[in-house]
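In what follows, a structure is listed as structure tokens, so that the remarks can point back to it.
The values are calculated or read from the model by the stated rules, or taken from the named source; none is laboratory data. It should be emphasised that the depicted structure is a prediction, and the values quoted were computed from it without experimental measurement. Note that each Cβ is placed from the backbone with ideal geometry, even for glycine, and that neighbours are counted across all protein chains shown. The protein model used for the area step is the full one, side chains on, heavy atoms only, and it has no ligands, DNA or RNA in it. Shrake-Rupley method; radii C 1.70, N 1.55, O 1.52, S 1.80 Å.
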Amino acid sequence: MLRLLIGFSFCGVYITAESWLNASATNENRGQALSAYMIVQMVGIITAQLLLNTADPAGFMLFVIPSVLVSLAFTPILLSASPAPQFQTIKRMSFGRLFRASPLGCVGIFLMGGVFSALFGMASVWGTTVGMSVAEISTFVAAIYVGGLALQFPIGWLSDRMDRRVLVLALSVLGVLTVAAVVLVAPGIVGLTLAGAMLGGVANPVYALLLAYTNDYLETSDMAAASAGLLFINGVGAMSGPPITGWLMGINGPDGFWIYIGLLLALLSGYAGWRMTRRSTIDPGSGYSVISPTATRVAVEVALEDNPHEPVEKEDEMDRAQEIVDFWLNQVGPQLWYQPPAKLDQTIRERFMADWQDAETLTRAWEGTAEGVLAALILTDQFPRNMFRGDPRAFATDALAVQIAERAIAAGFDLQTAEPQRQFFYMPFEHAENLILQDRAVALFAERMPGENLRHAELHRDTIARFGRFPWRNATLNRTSTPEEQRVMDAGGYGALVSGKLSLDDV
């Protein structure tokens with residue numbers, strides 16, 4: 001519990017310091033100030049390792065010294081006449097949207113959370129297990145930070161001039177080779193210290209690379225929310241590090257420490273390589289900033305904002321729209337639109353749930369083309385009926401679909417779309433429990449797509465005219481059916497109306 005309290009307190013210290021730094025810096029020097037801050041922080045961490053040799057680790061003096069130093073460090077802030085920085089509410093960003101912006105960034109940040117927690121949280125445990133002295137452990141841990149500090153700048157220089165994914169892949173592979181060498185060769189203290197420096201030189205720049213790469217796909221207004229999301233993902237990954245590392249060390253001995261790090265870096269290199277086949281490279285701009293895993297949302301936000309790139313998020317979102325249209329029209333097809341197998345519902349949930357959760361923001365980016373609008377209507381009007389069959393959420397985005405359809409028809413996108421997919425421009429009106437919208441659906445089908453679809457539109461309109469709602473939704477929406485509505489459902493519901501076995505005039 002004390003460790004938990006210390007972690008919470010130090011997070012507050014970092015947020016306060018970084019907020020003050022951000023508020024005091026100007027747009028011209030904010031990036032330089034952040035880099036200087038990170039360098040000072042890492043130098044402090046490296047120097048702190050030497051403190052382990054000044055007193056007995058079993059005593060209390062090593063806790064007193066940092067406490068005094070922190071108190072002294074706050075003296076300038078307490079004596080300052082500058083006003084405290086103001087915190088503002090940030091724009092929200094769902095994890096689904098963040099993942100779509102940069103799958104590699106999200107997965108990589110998660111995996112690096114595990115790497116960092118093992119390197120910095122379990123290194124002393126590993127050192128004690130293999131019989132290192134206090135001096136050797138402090139040297140090993142310091143080497144991790146020295147390596148990270150030394151390689152930040154050359155890798156940062158390279159990252160602004162080439163595909164960042166190539167560097168992520170190369171550094172991850174280098175980390176895997178370093179781990180393999182330690183496990184297979186079992187070097188002495190000098191070799192282990194060099195291995196620690198190499199892993200630190202890999203881990204710290206890769207973390208900053210992933211932030212810069214994610215930034216390449218963000219709008220400026222999204223950076224604050226994205227920084228919070230990325231840190232949360234990193235924290236979730238970090239929480240898994242110590243228990244899994246401890247478990248592996250219990251099974252494989254001290255080598256479990258290295259095996260865990262190697263496995264995470266191998267996963268990162270494999271995923272980075274695969275992502276390179278899924279998205280074309282872009283100009284990386286100059287968004288790399290020296291940043292450490294101890295930085296809070298404030299510092300990460302500053303690092304992301306210190307990037308003059310033009311975002312390419314919309315291009316990738318249009319690729320997603322094309323994927324939705326291709327899936328619904330070609331992979332599913334008309335025969336399965338209305339009588340789908342049960343496994344199709346699960347497939348749609350797995351592939352498109354995140355898109356639906358962010359539909360209001362996402363579909364706005366698609367409404368400039370007929371294909372984009374078609375994807376938006378499929379996502380908001382068709383997919384929910386599959387994903388949430390028997391659940392009120394099946395109708396949660398119906399109102400949004402009506403708005404999209406209204407704008408699309410006004411722009412003439414429906415007439416630019418061939419049959420049978422043109423029907424999806426009119427079906428949001430047919431699904432509405434509103435007689436005015438039902439009349440609009442009948443008029444649109446009669447004018448622009450007559451035939452069987454018109455008959456279904458008329459049945460829906462007549463049902464709303466008779467009951468004011470669809471009786472077959474009552475159970476899903478926890479509504480009590482009237483006797484007349486119950487007779488419709490007992491007779492077979494909408495299927496009975498379509499087949500002619502039941503007429504609304506008979507109810």
In the stretch 378-389, how many residues are part of a helix (DSSP H, G or I) and open to solvent by 20 Å² or more (accessible area, probe 1.4 Å)? 1
State whether the residues of the stretch 358-371 include one that is closer than 17 Å to Tyr338 by Cα and either in contact with a strand residue (DSSP E or B) (Cβ under 7 Å, 6 or more places away or on another chain) or not aromatic (Phe, Trp, Tyr) (or both). no
Could you give every pair whose Cβ atoms fall below 6 Å, whose first residue belongs to the stretch 1-16 and is farther than 17 Å from Ile45 by Cα, and whose second residue is open to solvent by less than 90 Å² (accessible area, probe 1.4 Å), counting only separations of at least 6 or pairs across chains? Ile15/Thr296; Ile15/Val298
Quick check on Ser124: is it open to solvent by 30 Å² or more (accessible area, probe 1.4 Å), touching a residue at least 12 places away in the same chain (Cβ under 8 Å) and among the small types (Gly, Ala, Ser)? yes
Residues of the stretch 366-377 satisfying the condition of being open to solvent by less than 50 Å² (accessible area, probe 1.4 Å) and not in a helix (DSSP H, G or I): Trp366, Glu367
Can you find a residue that is in contact with a helix residue (DSSP H, G or I) (Cβ under 6 Å, 6 or more places away or on another chain), of a type outside the set (D, E, K, R) and part of a helix (DSSP H, G or I) anywhere in the stretch 390-397? yes
From the option list Ile90, Ile77, Ile144, single residue qualifying as hydrophobic (A, V, I, L, M, F, W, C), closer than 25 Å to Gly241 by Cβ and either buried (at least 22 other Cβ atoms within 10 Å of the Cβ) or at pLDDT below 80 (or both) is Ile144
Members of the stretch 352-365 found to be out of contact with any Asp or Glu (no Cβ under 6 Å at 6 or more places or on another chain) and open to solvent by 10 Å² or more (accessible area, probe 1.4 Å), listed by number: Met353, Ala354, Trp356, Gln357, Asp358, Glu360, Thr361, Arg364
Can you tell me which of Glu458, Glu433 is closer than 22 Å to Ala496 by Cβ and outside any helix (DSSP H, G or I)? Glu433
Filter result for Gly500 (more than 44 Å from the chain's Cα centre (by Cα), within 24 Å of Phe413 (Cβ to Cβ) and open to solvent by 20 Å² or more (accessible area, probe 1.4 Å)): no
Mind checking which residues of the stretch 305-335 are more than 19 Å from Tyr213 (Cβ to Cβ), exposed (fewer than 15 other Cβ atoms within 10 Å of the Cβ) and either modelled with pLDDT under 85 or among the aromatic types (Phe, Trp, Tyr) (or both)? Gln335
